[in-house]
Amino acid sequence: MKSALLALLSLNVFSPGALGLSFSLESQPEFGQLKGFKGSELCQVAENTKRYLQEQVQDVFAVHPGKIINDKITVQKVQDTLAFICRTYREDVRAKRHSRLHDSAFVRQHFEFVRWLPDKKTATEIAGKSTNAAKSRMLNDIPDKEIFLTKYYTKLLDGSPVKTELYNQALYALPYDEKGLTLAQAQQQQGALTRFRYTRQQIIAGALLKDKLAQPLVWLTEEALHDVLLQGTGVLKVDGKIRYFNVHRNNGIDYDYSIGKREQARYWYFIETPEIMGYGHDQPSKIAIKPQVTFAGNIADLGVGKLVLVSYREGDRQVGRLGVLADQGGAFDNNLFQLDLLVDSYRGWSDYHKANGHLPDYASAWILLLKQ
């Protein structure tokens with residue numbers, strides 16, 4: 001054990017504080033056949049996230065090497081890793097050959113693997129506070145060497161351009177008194193702004209509608225509203241057309257992992273977008289993401305843009321998949337035991353389960369960094 005520790009320290013790559021906690025270098029990872037994703041879409045998300053790293057350097061919340069990695073790992077190395085993904089994909093397309101991003105030997109050859117072990121202590125503490133028996137059980141059952149691999153999807157819903165008896169809850173744009181304010185300006189004035197004044201329950205009861213404090217973007221059912229607030233994105237069919245709505249800014253109330261979606265006081269205001277959007281410190285900067293190649297997770301501690309490989313049993317074989325950490329959510333505050341894979345858009349649980357029932361609840365996980 002001592003010699004292994006000295007060997008890792010001699011690499012001068014990973015901070016001693018990370019060793020023995022949640023992250024360490026692994027020289028011979030076993031992850032099986034790479035499948036379940038398209039190289040073209042992995043490249044798109046990698047390229048979009050790399051652009052964010054280059055253009056949003058002021059976003060110190062997300063643009064950093066990772067709090068568990070020392071200064072030998074840089075944001076530039078993260079960018080180089082993402083650039084390599086697209087370079088490889090495009091070289092393979094030009095050469096008319098099978099994607100090397102699905103070749104396990106190629107991936108082992110070109111990347112360093114940082115094994116991620118879950119923070120079970122925090123997971124157990126949350127499980128003890130949760131009122132949801134199923135959630136408590138799943139958190140308590142996290143294996144010692146696997147993270148909790150949840151799946152999220154954009155809710156495919158019906159909506160109405162006007163309020164009706166059925167579609168009686170709105171996705172609201174930012175309140176009128178915040179139009180034109182940057183995020184920083186709004187934070188400075190939060191004591192006087194409508195956005196910070198109301199809980200989800202008060203808004204559902206009509207607080208915004210009563211005094212016309214914000215513009216309704218689209219109308220949907222109350223159940224659908226809770227789903228969209230949880231998922232962060234709504235894919236709505238309105239008058240026969242598909243429209244996308246993404247979270248913009250929230251009311252400043254933290255997400256409470258221990259309670260259900262209907263009890264959450266956090267409320268998000270929305271904006272209409274041309275496609276599904278992931279992380280961004282404000283709406284204009286958000287990263288366009290794709291299903292099956294995007295993970296949501298703890299960006300505050302890990303840093304946006306990490307290339308992640310997860311591996312699990314599928315039938316009688318071991319398989320793995322690649323994705324980019326390009327999204328987040330309130331559930332990931334102080335959470336280093338979980339990743340959330342964006343899977344697709346579905347009408348509901350039955351459609352979702354039919355398409356994703358084979359995916360496990362737990363998986364081995366590595367952060368990949370391009371070898372220099």
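FYI, it's all coordinate maths here, none of it is from the lab. Keep in mind the model is a prediction, meaning the values are calculated, not measured. Heads up, the Cβs are rebuilt from the backbone with ideal geometry, glycines too, and the neighbour counts pull from every protein chain shown.
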- Neighbours of Asp254 by Cβ distance under 14 Å: Lys/Arg at +1, Asp/Glu at -1, summed charge 0
- Item | Partners for Lys210 among lysines (Cα-Cα distance below 22 Å; same-chain residues under 8 apart left out) | Lys163, Lys179
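Hey, what did the chain get for relative contact order, percent, Cα under 8 Å, at least 6 apart? Let's see the in-between values first.
Values: 727 pairs, mean separation 95.4, N = 372.
Over the chain, the number comes to 26 percent.
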- Message: Based on alpha-carbon centroids, what's the gap between the stretch 26-43 and the stretch 164-188 in Å, whole number please?
- Response: 40 Å
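Could you work out the relative contact order of the stretch 68-225, using alpha carbon pairs under 8 angstrom and six or more residues apart, expressed as a whole percent?
Numbers: 125 pairs, mean separation 32.1, N = 158.
So the answer I get is 20 percent.
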- Item | Identified option (computed volume of the Cα convex hull per residue in Å³; candidates (1) 141; (2) 176; (3) 158) | (3)
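Report the charge-dipole magnitude of the chain in Debye, nearest 20, computed about the Cα centre from +1 at each Lys and Arg Cβ and -1 at each Asp and Glu Cβ. Walk me through the numbers before you get to the answer.
Values: 47 positive and 41 negative charges, 115 e Å.
Charge dipole of the chain: 560 debye, to the nearest 20.
For every other residue with a beta carbon closer than 13 angstrom to the beta carbon of Leu339, add +1 if it is Lys or Arg and -1 if Asp or Glu, then tell me the sum. Please list the in-between numbers first.
On the way: positive: Lys151, Lys306, Arg321; negative: Asp119, Glu146, Asp301, Asp327, Asp340, Asp361.
Spelling it out: positives minus negatives among the neighbours equals -3.
Out of the trypsin sites (Lys or Arg not before Pro) in the stretch 36-107, which ones are loop residues according to DSSP with at most 11 other C-beta atoms within 10 Å?
Details: sites: Lys38, Lys50, Arg51, Lys67, Lys72, Lys77, Arg87, Arg90, Arg94, Lys96, Arg97, Arg100; in loops: Lys38, Lys67, Lys72, Lys96, Arg97.
In loop regions of the stretch 36-107 (DSSP not H, G, I, E or B), the sparsely surrounded trypsin sites (Lys or Arg not before Pro) are Lys96, Arg97.
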